Every structure is written in C-alpha cells, then in structure tokens.
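This report concerns only the one structure given below.
The values are calculated or read from the model by the stated rules, or taken from the named source; none is laboratory data. Source: prediction; values computed, not measured. Here the Cβ positions follow ideal geometry from the backbone for every residue, glycine too, while neighbour counts run over all protein chains shown. For accessibility, only protein heavy atoms count, side chains too; no ligands or nucleic acids. Shrake-Rupley method; radii C 1.70, N 1.55, O 1.52, S 1.80 Å.
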Amino acid sequence: MVCSLSFISLCLSLIGLFAFDEKIGPQLQMIKKMFFDLLSFLAILSVCVITYAIAAYANLYPASRIDDDLVFNLLRIPYWNLYGELNLNILELKEPDCTFDRFLYENGTLPRCPTAIGTYLVPLLMGIYMMFASILLLNLLIAMFSNSYAKVQAETHLHWCYQRFTLIHECSRRPPFALPFNLTSKLFKKICCFWLCKKCRRNRQDEYKENTRTYPVNDKKYNYLVLWEKAVANEYMHGIHNLS
C-alpha cells in the first residue's frame, strides 16, 4: 500500500514537467483552478447527499445498528446514484430472497428486506434527489469550470511563463543527489549558511566599531569648512534681500 501511494505521488509530481510546454502548461493551471472550484462545490453537494442518504436508509431499514458498516452503506448508494447507478434491485427485494430476521441479515446469510413504505417513498425521494443533484448542481459545476477555463485562457502566455519560472526555480533549489545522499548536501548547506552568517555578523561588528571611531580634524580643514559655511550663508541672505 505504501509503495502504491508512493508511485501515485511520483506520477503526480511528473505532471509538473508539462509546465515547460506552452500549450499543455496553462492546462495544468486550469486543472488547479477547477480543483478548487470542485472543493467548494463538494461542500454544497455533501449536504444534499447526507440528507438523502439518512432519509432513504431510515425509511428502508429502520432501527439499524449504529456501526462502521452503517456509515459505509449510508453514503455508498447516494454517491453512486450521481453516476447513474440507481440500484433499484435493492428496492425490489422480497422474501425469500431477503429476510427480516436480525440474526440472519447481521450474519450476512441473507440481505435485509426493505420496508413496504420505503419501497414507495424512497423512489420518490430518489427522483427529487437526482433532479436536484444531477441536473442543477452538476450544471452549476460545469458553469464554474467554464468560468475558470475562460479566465486562464485569456492570459495563457502569462500563466505559462509563471509556471515555467516556478518549475525552474524549484529544480534549481533541489540537491543534485537522490535520497538518502541528499541529506549530506543539505547538511553541508546548513553548515555553509551558519558559517556565512557568523562571518557577516563579525563583519558588521567590525564596521560598527570602525564607524563609531572618531577621527581628529586638522585646523586647515576646520577653517576651510567654516569659510565655506559663511560663504553659503552670505549668499543665501543676499538672495533673500534681493527678493524683498
């Protein structure tokens, strides 16, 4: 399981190499924006799915035992209903193909029979649920995808330039060695950074001591500065007098 998940993460990371292409690169940005649109859409869809799941299951199988299997069975049917898997054969089960005996259906010998009122009420709820979820919400999702596609398509070249810069910058910062040899390069970089910081701190301290040190001014330079200040002041006062 760990190897399969690692393989999936490797394949997803290889998708980023398509950012070099000017046509495929912006499509990755479109997929990213559509993914965030999908997350906001799932928040609305989850409310509808959970509402229909609890209402339908409570009418089909009342007084069910609360456990992990109950949560799985609650969400399994309404989720696959969105893709057209209606599972109407569950509503049509009758004895002897199913049973109302708790001992038999809890042991998995026979499936549990739906209630009589559930076989009439649940198809009605399913019709309303499919009309709202499949027609209204899915068309809303398509409209959100179209809006995100149009925004990215209007600035395709800019998105491609930014993606290419990000990929090059990321690759330039990665160590040239693979695991576990890249740990030595990271350790070497940390030692170099520590040494450079210590050297810069020492240089700043030396510059501060050098700047705070007072230098004597000779009499010739002092007299020159005094004469220059007097000349500038006289010129300024003469300009004010002419203006008045």
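Here segment 31-144 is treated as an ellipsoid with the same Cα gyration tensor; its semi-axes, largest first and in whole Å, are 31, 15, 11. Annotation note: GluC sites (Glu not before Pro) in segment 35-141 located in DSSP loop regions with a Cβ neighbour count of at most 13 within 10 Å are 85, 92.
Using a probe of 1.4 Å on the protein chains alone, the accessible area found for residue 69 is around 100 Å². Report the accessible area of residue 15, computed with a 1.4 Å probe over the heavy atoms of all protein chains in place, in Å² rounded to the nearest 10. Residue 15 has an accessible surface of roughly 70 Å² with all protein chains in place. Length gained on full extension, residue 138 to residue 71, computed as 0.36 nm times the residue gap minus the Cα-Cα distance: 21.7 nm. With a Förster radius of 35 Å applied to the beta-carbon distance between residue 149 and residue 125, the computed FRET efficiency rounds to 0.50.
Ranked by solvent-accessible area (1.4 Å probe, protein heavy atoms only, all chains present), the residues 30, 130, 1 order from largest to smallest as 1, 130, 30. Taking R0 as 35 Å, what's the FRET efficiency between residue 117 and residue 4 from their Cβ-Cβ distance, rounded to 0.05? With R0 = 35 Å, the Cβ-Cβ based efficiency is 0.20.
By how many nm would the segment from residue 47 to residue 24 grow when fully extended, if each residue of separation counts as 0.36 nm and the alpha-carbon distance is taken off?
4.8 nm
Separation of segment 42-58 and segment 112-151, taken as the distance between their Cα centroids, equals 10 angstrom. Shown here for segment 74-122: trypsin sites (Lys or Arg not before Pro) in loop regions (DSSP other than H, G, I, E, B) with at most 10 other Cβ atoms within 10 Å, namely 94. For the pair residue 32 and residue 87, what calculated FRET efficiency results from E = 1/(1 + (r/R0)^6), where r is the Cβ-Cβ distance and R0 = 45 Å, to the nearest 0.05? Here the calculated transfer efficiency is 0.85.
For segment 15-72, with all protein chains in place and a probe radius of 1.4 Å, 72% of the accessible heavy-atom surface sits on carbon or sulfur. Averaged over its residues, segment 1-126 has an accessible area of 69 Å² per residue, based on protein heavy atoms and a 1.4 Å probe.
Simple spin-label estimate for residue 236 and residue 11 gives 7.8 nm between the two label positions (7 Å along the Cα-to-Cβ direction from each Cα). Of the chymotrypsin sites (Phe, Trp or Tyr not before Pro) found in segment 57-116, those in coil by DSSP whose Cβ has at most 12 other Cβ atoms within 10 Å are 83, 100.
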